[in-house]
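A.B. asks: Next up is a structure, given as structure tokens.
The values are calculated or read from the model by the stated rules, or taken from the named source; none is laboratory data. Every value quoted in this text rests on a predicted model; they were computed, and no experiment measured them. Cβ sites come from the backbone with ideal geometry, for glycine too, and all protein chains shown count toward neighbours.
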């Protein structure tokens, strides 16, 4: 099998094996090496392109990749391999390809569904004689997730936050459908890995009554998903597709458990790039575009993909930006030293003229690939430096972290906003959201008007702050004596400081660590509270792996207790923790999965990588989407806007399962 296009882990390798060896390889072996056409849809195009190169597919006898939704040229001399989601529209397209027995689209059909098809869809296939006569393979591949990196996957449901936490949650028709879509896609992860998880979920208790309508539906999201996922996996277990006993642990939580992580400015290389550059002309999705000078002196556009196929990016991504900039500068100096004829001196990691970089590449052709990657990162660092200086981000970042850790108050917030009127409105909103998420029940109509006036914000900007209420954050002041309280009323949700990682200790702005870090560490040590994270079903043998499942008398769940009757206490504020950079992986304890409904962040991806490396244990992170600050703020604004947000296409374009749209396109390499 071809090597993975990035660092190999169980998840990335299992996905490639499932796609290449078990799907394409089976067809190649059955046909004696005959050439074939691979037919994909919006869902499977993205699934495949995240883990395979064009050359990988060609090695398995595929001569053409095509789109099932489009009109295609008949190729009756070639085999047709269909890797598609089981939607009604795809079934219709598939049967139409073989509607005319005398003029089939392909010589034979090998059909691989990305998830379990419905009975009526299978019946539709049987009712097409032309297809039945040429059908050679009909299987479920169980692959409807996207790999973001070797330890991170998403089900790519951009509307999940609005569906599960929005104002129309109780009346929305998509709430139930979204749970089915999510659990179906999440189940394919464990089917691919052939792992049976012991499932836990965040069971947060409401801190009071004065929340937007639909509070119960929001609070029960993680639990309802956990129960339905358990039922789906149990069905696969009964069918012999999963082990009889639990082999790993899955923790289901939601974005409300740490609303700060998607908002606060991060200071590591990858997180900064996708925060400050994403959506601009220079970075679209993960494709960075920059200008280079040719030998003839002309300037042309060049693209560079920021993913794990770039080993320099892998080395830089989780480092503090200052450390990453220093490394880029040092590597550039090393190459320059190899060719003293190249003019131009570096003024710092972000100030090298691209003309000199172009000359360096031309003068050292044997290092062209390495220098091209380095040139891209020189430009990334340059743009990030410019963004930091233009937006007073160093001062803003320090204030954000001081707020989160309880060292600043609204007085400092007002002073900063007064002194920095010209920074983007989005940065002002992020600062106010950081304050409101950690200084609970402080906002009333007077303060809201004051903030809006001082910061010169529009009403919709302030709505992003107050809409944190939909995620369970008590932003507004409560009526005196009103509402139900559970135990001691918590007015602040600030975090406790902890020593930074050794590699980051010399830099400023390293205090912030997502709350996910503590969840991972507690779960790995068997200390994660079963009050805050109960099991759907008691593990069969919790003592078989003390490093994975709780074994103490206090934490071991009682057998036979239904999750519907488990009484829990809230976990609205928890301390932070840290990790260490990636190292060689070993196997110590069961694999640990965390899935965040409402989206994960790049800072949380870093936590998963570092925790896995430090513990020598497989840690994987999943979510409905990847949330950068701009995207999260848009989604939070939508929470107060009624409407259905059903994600039946993995492209995130919305619409129904019968939609042929969604965009996405085909492979980008």
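A.B. asks: Out of 558, 564, 546, report the one residue that is more than 25 Å from the chain's Cα centre (by Cα), at pLDDT below 50, surrounded by fewer than 20 Cβ atoms within 10 Å (Cβ to Cβ) and in a helix (DSSP H, G or I).
C.D. replies: 564
A.B. asks: Right, another one. So, restricting to helices (runs of 4 or more DSSP H) that lie completely within the range 1-84, which ones have at least 2 residues that are in contact with a strand residue (DSSP E or B) (Cβ under 7 Å, 6 or more places away or on another chain)?
C.D. replies: Because the criterion is at least 2 residues that are in contact with a strand residue (DSSP E or B) (Cβ under 7 Å, 6 or more places away or on another chain), the helices (runs of 4 or more DSSP H) in the range 1-84 that meet it are 10-16, 26-31, 42-49.
For every residue, the table says whether it meets (1) under 30 Å from residue 469 (Cα atoms); (2) in contact (Cβ under 8 Å) with a residue 40 or more places away in the chain.
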residue: 104; (1), (2): no, no
residue: 147; (1), (2): no, yes
residue: 154; (1), (2): yes, yes
residue: 179; (1), (2): yes, yes
residue: 182; (1), (2): yes, yes
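A.B. asks: On the given criteria, is residue 445 under 19 Å from residue 397 (Cα atoms) and at pLDDT below 95?
C.D. replies: no
A.B. asks: When only residues in the range 595-633 that are under 22 Å from residue 539 (Cα atoms) and crowded, with 24+ Cβ neighbours inside 10 Å count, which is farthest from the chain's Cα centre (by Cα)?
C.D. replies: Among them, the one singled out is 619.
This table checks each residue for (1) touching a strand residue (DSSP E or B) at 6+ places or on another chain (Cβ under 7 Å); (2) at pLDDT 95 or above; (3) assigned to a loop (DSSP other than H, G, I, E, B); (4) farther than 28 Å from residue 432 by Cβ.
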{"position": "595", "(1), (2), (3), (4)": "yes, yes, no, yes"}
{"position": "606", "(1), (2), (3), (4)": "yes, yes, no, no"}
{"position": "609", "(1), (2), (3), (4)": "no, yes, no, yes"}
{"position": "613", "(1), (2), (3), (4)": "no, no, no, yes"}
{"position": "622", "(1), (2), (3), (4)": "yes, yes, no, yes"}
{"position": "632", "(1), (2), (3), (4)": "no, yes, no, no"}
{"position": "640", "(1), (2), (3), (4)": "no, no, yes, no"}
{"position": "646", "(1), (2), (3), (4)": "no, no, yes, yes"}
{"position": "649", "(1), (2), (3), (4)": "no, no, yes, yes"}
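A.B. asks: Considering (1) surrounded by fewer than 20 Cβ atoms within 10 Å (Cβ to Cβ); (2) assigned by TED's automatic domain parsing to the domain that holds residue 624; (3) assigned to a helix (DSSP H, G or I), say which one residue 182 fails and leave the rest.
C.D. replies: Failing condition for residue 182: (1).
A.B. asks: So residue 234 passes all but one of these: (1) free of Cβ contacts under 8 Å to residues at least 24 places away in the same chain; (2) assigned to a loop (DSSP other than H, G, I, E, B). Which condition number does it fail?
C.D. replies: Among (1) free of Cβ contacts under 8 Å to residues at least 24 places away in the same chain; (2) assigned to a loop (DSSP other than H, G, I, E, B), residue 234 violates only (2).
A.B. asks: Given the criteria modelled with pLDDT under 60, under 24 Å from residue 287 (Cβ atoms) and assigned by TED's automatic domain parsing to the domain that holds residue 281, does residue 344 qualify?
C.D. replies: No, not satisfied.
A.B. asks: Take residues that are in the same structural domain as residue 456 (by TED's automatic domain parsing) and under 25 Å from the mean Cα position of the chain (by Cα) and tell me which of the helices (runs of 4 or more DSSP H) falling wholly in the range 378-441 contain 2 or more.
C.D. replies: Working: elements: 393-404, 410-419, 425-438.
Answer list for the range 378-441: 393-404, 425-438.
A.B. asks: Would you point out the residue of the range 472-488, among those that are out of contact with any strand residue (DSSP E or B) (no Cβ under 8 Å at 6 or more places or on another chain) and surrounded by 12 or more Cβ atoms within 10 Å (Cβ to Cβ), that is modelled with the lowest pLDDT?
C.D. replies: 486
A.B. asks: While we're here: If you check residue 203 against the conditions, is it crowded, with 21+ Cβ neighbours inside 10 Å and within 14 Å of residue 595 (Cβ to Cβ)?
C.D. replies: Judged against the criteria, residue 203 is not a match.
A.B. asks: Given the residues 393, 352, which is the only one that is modelled with pLDDT of 90 or more and under 24 Å from residue 306 (Cα atoms)?
C.D. replies: Working: 352 fails: modelled with pLDDT of 90 or more.
Of the residues listed, the single one that is modelled with pLDDT of 90 or more and under 24 Å from residue 306 (Cα atoms) is 393.
A.B. asks: May I pose another question? Given the condition in contact with a strand residue (DSSP E or B) (Cβ under 6 Å, 6 or more places away or on another chain), in a loop (DSSP other than H, G, I, E, B) and surrounded by fewer than 19 Cβ atoms within 10 Å (Cβ to Cβ), answer yes or no: does some residue in the range 125-142 qualify?
C.D. replies: No - not one qualifying residue is present in the range 125-142.
A.B. asks: With respect to residue 164, determine if the residue is free of Cβ contacts under 8 Å to residues at least 60 places away in the same chain, surrounded by 17 or more Cβ atoms within 10 Å (Cβ to Cβ) and within 30 Å of residue 619 (Cα to Cα).
C.D. replies: no
A.B. asks: Considering each residue of the range 315-329, count those that are in a loop (DSSP other than H, G, I, E, B) and within 17 Å of residue 373 (Cβ to Cβ), and give that number.
C.D. replies: 2
A.B. asks: Kindly indicate whether any position in the range 49-61 is modelled with pLDDT of 95 or more, surrounded by 15 or more Cβ atoms within 10 Å (Cβ to Cβ) and farther than 26 Å from residue 149 by Cβ.
C.D. replies: no
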